[in-house]
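Peer 1: So that we are looking at the same thing, I have put the structure below in structure tokens.
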Amino acid sequence: MSHARLLVRALRDPASVADCDWAGLVSAARAEQLMGSLAFRMAGRRVPPRIAALFEDARRDAAQVRTQALWEAEMARRALAPLGVPVILMKGTAYHAAGLDAATGRSVGDLDIMVPRESLGAVESALLEAGWEHVKATDGYDDTYYRRWMHELPPLIHRTRDRMIDVHHTILPLTARSRPDAGALIADSVALESGLRVLAPADMIVHAAAHLFADGDLAGGLRNLWDIDRLLREFASPDFWRTLGERARRHQLSGPVGRALRLAERLYATPVDRAVAGRPRLGDRLFEARLLARNGWGQERRKALRFAFYVRSHWLRMPPLMLARHLWIKATR
Amino acid sequence: MRHRLDLRIGPVAFRIGSAWPGPLDALAKLYAGYPTPEDGLCDFTVRLEPEKPWRRFIRPSVAIRGDYVLPDAVPMALAHGLLAAEMGMNLQMALGQKSYLLLHAATVEKDGRALLMTGESGAGKSTLAALLGERGWRLLGDEFALLDLESGALHPFPRAVSLKNGAIAVLEAEVEAARFGPRLEGTPKGAIRHLRPNADALARMDEPARPALILFPRFGAAAAVRGVGQAEVFVRLTQASTNYVALGRRGFDALTGLVRKVPALAIDYPDAETAIGLVEDFRRELAA
């Protein structure tokens, strides 16, 4: 059994791992950024003392992760408040700020926010004014590529706090075949007490699914799928499933959302709505194999499969001619 | 991984995997007599692996990876594989250790009173700690001091001492050859030779010590001693810590506790013998 599978089993059913390869489980969990989540799942279980101490540390660390993530969000809020534009938190920071179950032990790296596309220029200026800086040169191909084709600004990093911010204006690159309704994402977002906002529950799932299955190469995907599991379990209701189906169609993302539900069900036994999940597809097994390509040393496995998904991520991201040009520029510089 | 070595150093257990046998053979020899962690359990995993698959055979280069990685770490020559393993363990501690406040400092103990030495690279703390460790003091560690977040005690972490350039000959004159690792030439820090702490340091690696004095040594100038105020000590130690920020409030409480209770001195010294003389004076004063 791959250690990623052991990790999935431990998250799904903590009682089922008693006498396992703990060193391998911990390394796989750290590599997949799931150590905090695992530590909370294993709380109160019989675990060897050395491993129990690591879980204890990870649980304590989670409080600090949360404090830092929320502080970073607050810093962005203060920088952007004068503009009067809606600022929507996304991913990990959103789960923490909204107090969702998915935040339990959830690690947070960058701060992800979404703002209306027409405000991007003002938002970028305000952030630069408040101490954020460009990570890459602003005159190269990468910068132009980001600004023309991506769903986010080139990443910015804060000068003194050393934390990155990704400023999105929609949830998929503009070159992707699906065109999510960014206006609807913003219009239906939910205000928090701080004045910051988060996506509506169904849109949160749509975004997580888009991020995992319609963009990127699924590296570190077990954590994103665990987010989806936690969110679905918290949101589940007949009304929610209906809304989720509608929103997925509206954002042209029924395929990725169905895939997300089926994979969450396969790996984490998430209760899902059949109508939204759709019927099992042959490809689901490949996605599962890709998500589980991690061994007990924390190394990635199944090189060919990973490469195939890497190629797929570029294929999804842009039309063939543009892809050819993009790869040519990357290869020749 | 093809090759594996488990090591326990004080409270911390490592699992080190390598694509080549060489680095682990050297490591096993250097760490002869160290305990093996219980049941194959570990706190951290280190991986020494080829940067690219073919680099296992062709111009082999060792990438230092593990549970925690630095994205732009430069790979090392296979001949320096032992150093890569040491750096891999340091990296896991610096990025992943959350049980103790970690200070980049050398620590020795005598009569139950521990001396904590910290300073810039080149201040001579490793050399002083190694020498004191041969002259009646117990070496707790030359690289990281592990401050207990609850009790304020220092936990031994007696890794092999990393001696650089001129310091190598100083210790070679005092210590039997069997306790040295191979001399590594042309590393990023010049020549390096590792020294295994003595039997007393190993036998008592589970015995914490009370901090009694903080020292900021500086090599090169005429002998001088000055007191250091608590605010300066605090700021310098936050800079010497790799996980102070990550520990949040607990790190602040542990560090302020240390700074309030333990006196601090800055010393300049022209040579190691002068520094050791000063340290022995301080010890007698503290005992009186």
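We did not get these values from a lab; they are worked out from the coordinates using the rules stated. Source: prediction; values computed, not measured. Note: ideal-geometry Cβ built from the backbone for every residue, glycine included; neighbour counts use all protein chains shown.
Peer 1: In whole Å, what are the Cα extents of the protein assembly as shown along the three principal axes, biggest one first?
Peer 2: The principal-axis extents, from largest down, are 79, 54, 53 Å.
Peer 1: Moving to a separate point now. Binning at 5 Å from 0, report for the stretch B:1-121 what percent of all alpha-carbon pair distances ends up in each bin.
Peer 2: Taking all Cα pairs of the stretch B:1-121, the binned fractions are 2, 10, 19, 21, 19, 14, 8, 4, 2, 1, 0 percent.
Peer 1: Averaged over B:34-40, how many beta carbons belonging to a partner chain fall within 10 Å of each residue's beta carbon?
Peer 2: Shielding by partners across B:34-40 averages 2.
Peer 1: Okay, next question. Only Cα pairs within less than 10 Å get springs; with that Gaussian network setup on chain B, which residue of B:Val228, B:Val161, B:Val108 has the largest fluctuation?
Peer 2: Answer for the Gaussian network model of chain B: B:Val228.
Peer 1: Is there a simple number for the mean count of other chain Cβ atoms within 10 Å of the Cβ of residues in A:47-59, and what is it?
Peer 2: Per residue, the average neighbour count from other chains is 3.
Peer 1: Just to be sure I understand: with springs between alpha-carbon atoms less than 10 Å apart, which residue in A:Ala29, A:Ala39, A:Ala308 has the highest mean-square fluctuation in the Gaussian network model of chain A?
Peer 2: Taking springs between Cα atoms under 10 Å, the residue moving most is A:Ala308.
Peer 1: Could I ask something else about it? How large is the dipole of chain B about the Cα centre if only Lys and Arg carry +1 and Asp and Glu carry -1, each at its Cβ, rounded to the nearest 20 debye?
Peer 2: The dipole of chain B has a size of about 600 debye.
Peer 1: For a quick protection proxy, order the peptides A:153-165, A:63-75 by their average other-Cβ count within 10 Å, most packed first.
Peer 2: With the highest mean Cβ count within 10 Å placed first, the list reads A:63-75, A:153-165.
Peer 1: Could you run the Karplus curve 6.51 cos²θ - 1.76 cosθ + 1.60 with θ = phi - 60° over the stretch B:137-154 and give me ³J(HN,Hα) per residue in whole Hz, x for Gly and Pro?
Peer 2: Per residue, the Karplus-derived 3J(HN,Hα) values read 9, 9, 7, 8, x, 10, 10, 10, 9, 9, 8, 5, 6, 9, 8, x, 7, 9 Hz.
Peer 1: Let me check the size of the stretch B:229-288 from its C-alpha atoms; what are the radius of gyration and Dmax in Å?
Peer 2: Values for the stretch B:229-288 (Cα only, Rg and Dmax): 14.5, 40 Å.
Peer 1: Sticking with this one: Report the charge-dipole magnitude of the stretch B:37-159 in Debye, nearest 20, computed about the Cα centre from +1 at each Lys and Arg Cβ and -1 at each Asp and Glu Cβ.
Peer 2: 460 debye
Peer 1: Pop the C-beta distance of A:Asp284 and B:Gln230 into the FRET formula with R0 = 56 Å and round what comes out to the nearest 0.05.
Peer 2: 0.35
Peer 1: Summing Lys, Arg as +1 and Asp, Glu as -1, what charge do residues with Cβ under 10 Å from the Cβ of A:Trp132 carry, A:Trp132 excluded?
Peer 2: 0
Peer 1: Springs between alpha-carbon pairs under 10 angstrom, Gaussian network model over chain A: which of A:Leu267, A:Leu321, A:Leu172 fluctuates most?
Peer 2: A:Leu321
Peer 1: Another one. For B:Glu120, put the label point 7 Å out on the Cα→Cβ axis and report which residues of the stretch B:248-288 keep their amide N under 17 Å from it.
Peer 2: B:266-270
Peer 1: Could you work out the helix-only [θ] at 222 nm for the protein assembly as shown, with each DSSP H run of four or more residues adding -39,500 (n - 2.57) and the total divided by the number of residues, to the nearest 500 deg cm²/dmol?
Peer 2: Using -39500 (n - 2.57) per qualifying helix, the result is -13500 deg cm²/dmol.
Peer 1: Right, here's the next one. Full extension from A:Asp19 to A:Arg5: what is 0.36 nm times the residue separation minus their Cα-Cα distance, to one decimal in nm?
Peer 2: Extending this stretch completely gives an extra 3.5 nm.
Peer 1: How far apart, in nanometres, would the label points at B:Ile58 and A:Arg117 be if each is projected 7 angstrom from Cα along the Cα-to-Cβ direction?
Peer 2: Result: 4.6 nm between the two label points.
Peer 1: Could I ask something else about it? Which residue, A:Ala58, A:Ala28, A:Met90, has the largest displacement toward the positive end of the dipole of the stretch A:11-93 when charges sit on each Cβ (Lys, Arg +1; Asp, Glu -1)?
Peer 2: The listed residue farthest towards the positive side: A:Met90.
Peer 1: Are any of the pairs B:Lys125/B:Lys189; B:Lys98/B:Lys164; A:Lys303/B:Lys52; A:Lys136/B:Lys52 more than 19 Å apart by Cα-Cα distance, and if so, which?
Peer 2: B:Lys98/B:Lys164; A:Lys136/B:Lys52
Peer 1: Run the numbers for A:Val311 and A:Glu193: contour at 0.36 nm per residue of separation, minus the present Cα-Cα distance, in nm.
Peer 2: Computed gain between A:Val311 and A:Glu193 is 38.2 nm.
Peer 1: Further question: May I ask for the distance between the Cα centers of the stretch B:68-118 and the stretch A:210-233, given as a whole number of Å?
Peer 2: 35 Å
Peer 1: For B:41-51, what's the mean count of beta carbons from other chains sitting within 10 Å of each residue's beta carbon?
Peer 2: 4
Peer 1: What's the exposure ranking of B:Lys29, A:Lys303, going from fewest to most Cβ atoms within 10 Å?
Peer 2: A:Lys303, B:Lys29
Peer 1: Can you give the charge dipole size of the protein assembly as shown about its Cα centre, rounded to the nearest 20 debye, using +1 on the beta carbon of Lys and Arg and -1 on the beta carbon of Asp and Glu?
Peer 2: Roughly 2060 debye for the protein assembly as shown.
Peer 1: Using the Kirkwood radius over Cα pairs, work out the Stokes-Einstein diffusion coefficient for chain B at 37 °C and 0.692 mPa s, in µm²/s as a whole number.
Peer 2: 169 µm²/s
Peer 1: Is the C-alpha gyration tensor of chain A telling us rounded, prolate or oblate? Criteria: a/c under 1.5 is rounded; beyond that, a/b larger than b/c is prolate, otherwise oblate.
Peer 2: Since a/c stays below 1.5, the shape of chain A is classed as rounded.
Peer 1: Hey, another quick one. With unit charges on the beta carbons (Lys and Arg positive, Asp and Glu negative) and the dipole taken about the Cα centre of the stretch A:189-333, which residue among A:Gly216, A:Met322, A:Ser237 sits farthest to the positive side?
Peer 2: The listed residue farthest towards the positive side: A:Met322.
Peer 1: Using 7 Å Cα-to-Cβ label points, what is the B:Leu265/B:Leu95 separation (nm, one decimal)?
Peer 2: Distance between the two pseudo-spin positions: 3.9 nm.
Peer 1: With θ set to phi - 60°, apply the Karplus curve 6.51 cos²θ - 1.76 cosθ + 1.60 along the stretch A:303-313 and write out the HN-Hα couplings as whole Hz, x wherever there is a Gly or Pro.
Peer 2: Result, ordered by residue: 4, 5, 5, 5, 5, 4, 6, 5, 4, 4, 4 Hz.
Peer 1: Could you check the simple spin-label distance between A:Trp328 and A:Arg249, using points 7 Å along Cα→Cβ, in nm with one decimal?
Peer 2: 4.2 nm
Peer 1: Quick one: if the Förster radius is 51 Å, what FRET efficiency do B:Lys189 and B:Asp111 give, using the C-beta to C-beta distance and rounding to 0.05?
Peer 2: After rounding to 0.05, the efficiency reads 0.90.
Peer 1: Which whole-number value in Å³ per residue fits the convex hull of the alpha carbons of the stretch B:136-274?
Peer 2: Spread over its residues, the Cα hull of the stretch B:136-274 gives 137 Å³ apiece.
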